[in-house]
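The values are calculated or read from the model by the stated rules, or taken from the named source; none is laboratory data. Since the structure is predicted, the reported quantities are computational estimates derived from the model, not experimental observations. Don't worry about glycine lacking a Cβ; one is built from the backbone with ideal geometry, like all the others, and counts go over all protein chains shown.
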Amino acid sequence: MTCPFPLFRLLFWIISVLFQTIKSLFIPNIPLPHFPPKNTSPVIPDVPVPSLPFPLLLVPYVPLRRIIDFMDPDALVSLSFCSQKTHSVIKTQRRALFAGRLCVSEFDSNLSFHTFRNRDCVLSVRDCSCLSSSERSNYVKMNGQYIPVHVHSVDGYLVSRWENTTDGLEIVTDYVTDLFNINVSEVCVSKDAINIIEWAIIRQKTPLESVTVCGVTSSEEELIYILRDCRCSAQTQIYSYAPPHFRFLENLRRIDFLEIWHGQWVTIDNLLTMDGIDIILGYSYLSNSDLNVFLRHWLSGGCPRLKLFSAEIGSVNIFQVLAGLLHNAVLVEDSRYYTSPFGYSRTLSFGYDIQRADGVTATVCKQRNENVVIAVWPETTHNYN
């Protein structure tokens with residue numbers, strides 16, 4: 001008897017192609033409501049939104065759900081503004097999980113779904129002061145306001161225009177999280193970092209999974225908040241510079257993944273108080289002797305959760321890093337691949353395996369760009385998303 005499973009797979013593929021075809025026919029050129037500006041104020045009396053005919057809503061509910069599940073988030077957001085019915089259908093009928101985590105970026109002024117390799121923008125926020133009245137042809141309604149929008153010429157997502165972009169970012173965040181019934185997972189900030197992060201934390205019950213600080217230079221107050229007080233224990237990335245002569249003299253909070261691009265301020269005392277799984281330091285002033293102290297700290301049971309450590313220092317001398325420990329080290333010349341718990345991989349070549357008293361082994365090696373890497377075995381499961 002012939003196995004029916006190949007036939008089922010073929011039927012499923014045909015149905016999927018059919019849904020994608022229907023989606024491609026209906027979704028391009030989504031019509032947005034037109035509201036000619038009646039006055040200069042962005043807040044105008046509520047009026048019924050014109051009910052625009054949209055063929056997608058004529059599809060029966062079962063295939064409609066599948067089509068909606070196939071649609072990209074930015075297309076769903078655009079479609080949701082067409083009428084109250086399209087908004088309701090998307091809010092109630094979508095069941096599939098989105099790829100990635102919702103990121104609110106004050107730095108980029110947008111909302112996006114962020115995966116390990118991609119960031120797909122959903123809705124952008126821009127200043128409206130440079131927009132003439134003749135350019136404000138399409139409007140959407142959010143929080144009782146009619147907001148001018150246009151479609152991004154390259155990527156196709158909606159760009160909304162606001163007199164106050166901070167208020168706009170908060171309003172579009174409320175709109176998207178309500179539409180998709182999801183929480184904010186990541187926040188990316190550059191200015192007014194403390195207030196924006198606290199706003200994101202307070203607005204929901206689930207904790208943030210990631211905080212990223214960008215921009216040129218963060219204030220001392222902002223860095224102390226990020227390192228000591230911020231209620232986000234999963235991931236913290238600091239891509240900004242610290243003020244001149246900045247020093248952090250307290251214990252760092254528990255952070256699973258800590259990445260500091262400009263780590264000139266990081267001292268050995270800071271290293272010895274870290275409690276993390278994955279620690280990445282760029283452009284640090286740490287010495288080979290400092291890393292020897294940190295390695296001895298780990299061997300004696302310090303930083304017990306550590307799986308991967310990387311520090312860029314001025315000039316690496318692996319024998320100084322392993323000073324007094326070579327009797328317990330074994331050279332491994334073969335290249336090995338090591339995958340971080342957060343999804344990225346490193347190649348370990350000519351590393352020294354060193355064992356802790358409890359039997360746990362770590363590989364210590366030098367990499368390009370004067371990086372010292374400490375990789376603790378065994379690898380653990382990728383848990384980024």
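Looking across region 327-347, the residues that are surrounded by 13 or more Cβ atoms within 10 Å (Cβ to Cβ), farther than 18 Å from residue 277 by Cα and modelled with pLDDT of 95 or more come down to 329, 332, 336.
Looking only at residues in region 348-369 that are farther than 17 Å from residue 292 by Cβ and not polar (S, T, N, Q), the one that is surrounded by the most Cβ atoms within 10 Å (Cβ to Cβ) is 348.
Does region 171-185 contain any residue that is in a strand (DSSP E or B) and either farther than 28 Å from residue 344 by Cβ or of a type in the set (Gly, Ala, Ser) (or both)? No, region 171-185 has no match at all. One residue alone among 165, 177, 236, 212 is of a type in the set (Ser, Thr, Tyr) and within 30 Å of residue 93 (Cβ to Cβ), and that residue is 177. Looking only at residues in region 164-187 that are over 12 Å from residue 203 (Cβ atoms) and polar (S, T, N, Q), the one that is nearest to the chain's Cα centre (by Cα) is 185. Condition (residue is over 21 Å from residue 297 (Cβ atoms), touching a Pro at 6+ places or on another chain (Cβ under 8 Å) and surrounded by 17 or more Cβ atoms within 10 Å (Cβ to Cβ)) applied to region 242-255: is it met by at least one residue? No, region 242-255 has no match at all. Taking helices (runs of 4 or more DSSP H) as the structural unit, those lying wholly within region 215-312 and holding at least 1 residues that are among the hydroxyl-bearing types (Ser, Thr, Tyr) and under 21 Å from residue 370 (Cα atoms) correspond to 288-299. Taken over region 123-152, the criterion of being modelled with pLDDT under 85 and either in contact with a Ser or Thr (Cβ under 7 Å, 6 or more places away or on another chain) or not charged (D, E, K, R) (or both) is satisfied by 129, 130, 131, 132, 133, 134, 137.
Yes or no, residue by residue, for (1) modelled with pLDDT of 95 or more; (2) out of contact with any strand residue (DSSP E or B) (no Cβ under 8 Å at 6 or more places or on another chain); (3) over 13 Å from residue 104 (Cβ atoms):
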| position | (1), (2), (3) |
| --- | --- |
| 165 | no, no, no |
| 171 | yes, no, no |
| 186 | yes, no, no |
| 191 | no, yes, yes |
| 194 | yes, yes, yes |
| 199 | yes, yes, no |
| 210 | yes, no, no |
| 221 | yes, yes, yes |
| 239 | yes, no, yes |
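Within region 313-351, restricting attention to residues that are assigned to a helix (DSSP H, G or I) and within 18 Å of residue 268 (Cα to Cα), the residue that is farthest from the chain's Cα centre (by Cα) is 320.
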